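Asker: What follows is a single structure, and I will ask about it in a moment.
The values are calculated or read from the model by the stated rules, or taken from the named source; none is laboratory data. The shown structure was predicted, so the numbers you read here are calculated from the model rather than taken from an experiment. Counting neighbours? That spans all protein chains shown, and the Cβs are built from the backbone with ideal geometry, glycine included.
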Amino acid sequence: MTLIPVLCPYCGAGCRLGLQVEDGRAVGVEYLTDHPVALGALCPKGNVAHEVIHHPDRLEHPLVRENGRFREADWEEALGLVAYNLSRIRQEHGPDALGFLASAKATNEENYFFQKLARLLGTNNVDHCARLCHAPSVMGLRRALGSGAMTNPIPDLAHSRCILVIGSNFAENHPVVARWVWEAKDRGATFIVADPRHTPTARMANLYLPLRPGTDVAFLNGMAAVILREGLADYDFIAARTEGFEELRAALADFTPERAAEITGLAPSDILRAARVYVRSPASAIVYCMGVTQHTVGTDNVLACANLALLCGQVGRPGAGLFPLRGQNNVQGASDMGALAELLPGYVPVADDEGRRRLARLWGREDLPAFSGLSVVELMDAALEGRVRALYVMGENPVVSDPAAGETVRALENLEFLVVQDLFLTETARLAHVALPAACWAEKSGSYTNTERRVQWSPKAVEPPGQARPDLSIIGELGRRLGLWERAPGPEEVLAEINRAIPAYGGITPERLQATPEGVFWPCPDPAHPGTPILHRERFTTPSGRGRFHPVAYQPPPETPDAHYPLWMTTGRVVIHYNSGSMSLRLSELAAYAPEVWVTVHPEDARRLGVQDGEMVRVRSRRGDVEARVQVSDQVQPGLVFLPFHFPGVNVLTLKELDREARVPSYKVASCALERTEEG
Ligand SMILES: Nc1nc2c(c(=O)[nH]1)N[C@H]1C(S)=C(S)[C@@H](COP(=O)(O)OP(=O)(O)OC[C@H]3O[C@@H](n4cnc5c(=O)[nH]c(N)nc54)[C@H](O)[C@@H]3O)O[C@H]1N2
Ligand SMILES: Nc1nc2c(c(=O)[nH]1)N[C@H]1C(S)=C(S)[C@@H](COP(=O)(O)OP(=O)(O)OC[C@H]3O[C@@H](n4cnc5c(=O)[nH]c(N)nc54)[C@H](O)[C@@H]3O)O[C@H]1N2
Ligand code: SF4
Ligand SMILES: [Mo]
């Protein structure tokens, strides 16, 4: 048996695990105690990571739809059809009739090449699930600090003396992060959690703040107002390293913790306590996730977090920083690679003439399209209206994961041509004209960038099943057929091009990564540079080098409970399932714990509605309804219900109202009604 050190394919923590390979098959997983983040620990999903690889449901041949049914095809025919249809639709309706969804599960090299393909075809309509996730961090933190990424490495949390967690349930969703937080707590750090649900993370808190959904700006402004009123801000830091402070001070002049308490439902004394502990501790961290970003005010929420950190000088030191925990194993990398409608590789805005032309020249062109493309949800709207006619989906499952799923299905059905490239025949792939079998993480080599900006190489461990091929080889061959380049390159060659295209990756060469199992942190501009674990130590990466305050005011969510839909509804995750479930629901051991949709209801609401634990109910929103089994628990507040989105149907309920700047949908608040079903 051989042990191949590969990266875990699930979350952004980026753990490395030892894949046990016997006779060409992955048979198990071993802990690697020297990995700097995991230190030998893995969560339940990492522990069974090998099970997806040889799963009998894996797609093994290209499939082509004929008379409404799929039949097997060879690559020649399938890729011929894809190339023909993309060219035809582009010629007849222009390049913006094409849309592309990249994949935060694929490697850096694959995402770089995928967005390059879209842009060389003449469109910026290329986006991916970062849009449904941390797009507000990308936009907000770039404005405030100059870089949209996590400021410090995960193990650095052990040095924090105060950890303020807002809308992150890392005990379930980034379990390996939790160990570093527990270590800080053991060393005496104060651990504060603001979340409408009393999650496994919240249960460990020294101070738990059960705020109302969608009220984070009021909570964060309340903390900032206390700090200003009590004269506790770090005025030296503000003077030396920031700009825009007077605007923030003026905007908060009339705001009080009492007003914050009214909006959030928290006790004013708790807001005071949180503020005092955060500002006074020698090193404070803000850890946040989807509870902050998945709102129509997601970018404002992120800016409010950044305001607080700048006000208190809690950034740019060990243990002090902002930790937006990125979700997917390579969502940081896919964003870095420019798989975003308004940003080219290295976060060059498409409207930046100089930066855009520099990349164009590297790609042998004079110029590239200069206007932002459509984001994930907008692509679906455009498909519904017939403006986008062909969609190429690499490694995403929008039927399950996009908001207002009823409309997503209609949009996909309205397309002239849909191609889906995945490990499995997902709910989305079933609607395709052509489905392409992709090799999985263990069957290809390449680099991935975890939530810490740590770029790591993952080597190929086993052969793909049947005819399945790595995404890079599929895109490479397709681009060749489309006349975009002469031959399909390998991952090392593409990473070498990335080294030239993205300054922050300049020194992260294939040779260096392959020889550095713990990875290299970007920015790393040249091969001699050690990499940058902590950002913003001396200066911020904004053009002026200063951190920038952005006053933001509380705005209520787009939908609030009323007589017809009297309950707040929120959606999210649990430890044993993963996103659209296409991988985790196939792992019988994990799926057995929670095999179907459920809805968590507070005991008071259950009593009032006359529903029992275990009973089936119908959950209705303005968009549609879904059946779910009741789980009565005080993990939710009275008046709030929670549904996991890992199952088809749940997203029928959600809102697709978007944040204006980051274009993330409002997954975390909507209103709904709950009624007993006949069987119930
Ligand atoms: N097991 C598992 N791990 C995963 C994933 C998975 O599906 N399963 N997915 C990965 C991905 S893609 C991501 S993005 C991450 C997400 O990781 P998390 O963000 O931790 O996951 P969520 O459950 O979506 O939401 C986090 C918390 O936000 C809270 N919340 C809801 N509304 C609000 C609000 O208005 N304010 C505040 N302060 N909190 C609120 C919810 O109650 C929830 O506890 O996890 C990654 N890791
Ligand atoms: N209601 C609600 N909806 C949500 C959220 C929420 O909190 N609430 N969260 C949102 C968030 S944060 C996210 S990130 C999205 C996630 O949305 P998606 O990205 O659609 O979810 P995944 O299930 O991770 O889909 C990844 C797909 O890639 C496939 N895959 C895995 N590896 C590879 C590979 O190497 N190559 C290829 N080609 N395919 C591969 C998998 O089989 C799977 O089908 O969901 C969003 N949807
Ligand atoms: S914490 Fe994330 S990366 Fe680590 S084993 Fe679990 S799913 Fe994999
Ligand atoms: Mo995510």
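Asker: Scan the stretch 433-489 for residues that are in a helix (DSSP H, G or I) and among the charged types (D, E, K, R) and jot them down.
Answerer: Result: 443, 471, 477, 480, 481.
Asker: Can you find a residue that is under 30 Å from residue 482 (Cβ atoms), touching a helix residue (DSSP H, G or I) at 6+ places or on another chain (Cβ under 7 Å), within 16 Å of ligand 1 (Cβ to nearest atom) and in a loop (DSSP other than H, G, I, E, B) anywhere in the stretch 4-26?
Answerer: yes
Asker: Follow-up question, since we're still on this one. Any idea which residue in the stretch 231-289 is nearest to residue 637 (Cα to Cα), counting only those that are among the hydrophobic types (A, V, I, L, M, F, W, C) and part of a loop (DSSP other than H, G, I, E, B)?
Answerer: So, considering only residues that are among the hydrophobic types (A, V, I, L, M, F, W, C) and part of a loop (DSSP other than H, G, I, E, B), the one nearest to residue 637 (Cα to Cα) is 266.
Asker: Next question. State all residues of the stretch 101-129 that are of a type in the set (D, E, K, R), under 21 Å from residue 412 (Cβ atoms) and either within 16 Å of ligand 3 (Cβ to nearest atom) or assigned to a helix (DSSP H, G or I) (or both); if no residue qualifies, say none.
Answerer: Hit for the stretch 101-129 is 105, nothing else.
Asker: Let me ask something else. Any residue at all in the stretch 156-169 that is within 16 Å of ligand 2 (Cβ to nearest atom), of a type in the set (A, V, I, L, M, F, W, C) and surrounded by 23 or more Cβ atoms within 10 Å (Cβ to Cβ)?
Answerer: yes
Asker: Hand me the list of strands (runs of 3 or more DSSP E) wholly inside the stretch 544-643 holding 1 or more residues that are under 30 Å from residue 48 (Cα atoms) and not aliphatic (A, V, I, L, M).
Answerer: Filter on the stretch 544-643 gives 567-572, 598-601, 624-632.
Asker: What's the total number of residues in the stretch 173-194 that are surrounded by fewer than 21 Cβ atoms within 10 Å (Cβ to Cβ) and either without any contact (Cβ under 8 Å) to a residue 12 or more places away in the chain or within 14 Å of residue 635 (Cα to Cα) (or both)?
Answerer: Total meeting the criteria: 1.
Asker: State all residues of the stretch 202-220 that are assigned to a helix (DSSP H, G or I) and in contact with a Phe, Trp or Tyr (Cβ under 8 Å, 6 or more places away or on another chain); if no residue qualifies, say none.
Answerer: 202, 204, 217, 218, listed by residue number.
Asker: For the stretch 462-480, which residues satisfy the criterion of being aliphatic (A, V, I, L, M) and touching a strand residue (DSSP E or B) at 6+ places or on another chain (Cβ under 8 Å)?
Answerer: 462, 468, 472, 474, 475
Asker: For residue 217, are the conditions met, namely being buried (at least 17 other Cβ atoms within 10 Å of the Cβ), within 22 Å of the chain's Cα centre (by Cα), more than 9 Å from ligand 1 (Cβ to nearest atom) and over 30 Å from residue 576 (Cα atoms)?
Answerer: yes
Asker: Tell me, please, whether a residue that is modelled with pLDDT of 95 or more and more than 16 Å from ligand 3 (Cβ to nearest atom) can be found in the stretch 40-53. Step through it out loud before you land on a result.
Answerer: Of all residues in the stretch 40-53, those modelled with pLDDT of 95 or more come to 53.
Filter once more, keeping what is more than 16 Å from ligand 3 (Cβ to nearest atom): none.
Scanning the stretch 40-53, I find no residue that is modelled with pLDDT of 95 or more and more than 16 Å from ligand 3 (Cβ to nearest atom), so the answer is no.
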